[in-house]
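Coordinate-derived values only; no laboratory data. Fair warning: this is a prediction, and the values are worked out from it, not measured in the lab. Using ideal geometry, Cβ is built from the backbone for each residue, glycine included, and neighbour counts are taken over all protein chains shown.
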Amino acid sequence: MYGSFLRVDIFERVHIRSLTREAVELSQQALGIIVLVQEPVSVSTLAAIMQIELPSVRSMLHPLRSVLLITDYEIEVIHKSFAQFLLSESDPDNEFSIDQKATHLFLINALFKIMEEQLTTFSWQLATVNNVVKVARESPDANALSPTLCYACKFRIHHLLLSGEGDSDLLSSLRVFAAQMLVNWVEMLSILGELRIVMNHTSSLLQWMDNV
């Protein structure tokens, strides 16, 4: 059922509307991110993660409204069976199954770039979460605690651990993170009331590093 739907609403548009193959692949990548993020993200956060223009993301998601609930603040899969269909890597006939490892790796690198750009220059004068979120929503380009930065701080390490075995590039990015962003990251998690993330993932992260 879902295969036929995606084939008509995504792939056949390559011929019907001259949609480029790159755009089709971006649609697949967006679906992978939507089903693998650890909490629902907004369209603007998805655009920031994928580094493409917001109108392009809106157009890309529009044909998928029958399987995705899309609001100003989050995107969610309506039926769990759709997510299960996309995640069924064991089915060789499912041409739409998501490469989970590749998607986690993409998220790791994209979230690292977001943290590198925003976390080291964050204005710590914004004292409370409510004030920060208000500023971010009123001025998306403000150097403030954006929802995208919040997600990156809370879940980048989680995606790292889910990606499986690492490599020298990931280890190098962790060293940069530890040298340049660690203190700001911990303070950010403190503001968010999420310091448990540091404690919960420390031992798992050390074990992951030993396996690199």
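Note on segment 178-212 and segment 144-173: Cα centroid distance 10 Å, given to the nearest whole angstrom. The peptide list 168-176, 145-153, put in order of mean Cβ contacts within 10 Å with the highest first, becomes 145-153, 168-176.
Close amide-amide hydrogen proximity is noted between Ser88 and Ile98, each under 5 Å apart and 5 or more residues distant or on a separate chain (H modeled in the peptide plane; Pro and chain starts excluded).
In a fully extended conformation the segment linking Glu117 and Met209 would gain 30.7 nm over its present Cα-Cα distance, using 0.36 nm per residue. Given a Förster distance of 41 Å, report the FRET efficiency between Ser56 and Ala179 from their Cβ-Cβ distance, rounded to the nearest 0.05. Step by step, r from the Cβ atoms, then E = 0.75. Expressed in units of 2.2 N^0.38 Å, where N is the residue count, the Cα radius of gyration of segment 141-212 is 1.13.
Full extension of the chain between Asn109 and Tyr73 gives 10.6 nm of extra length, using 0.36 nm per residue less the Cα-Cα distance.
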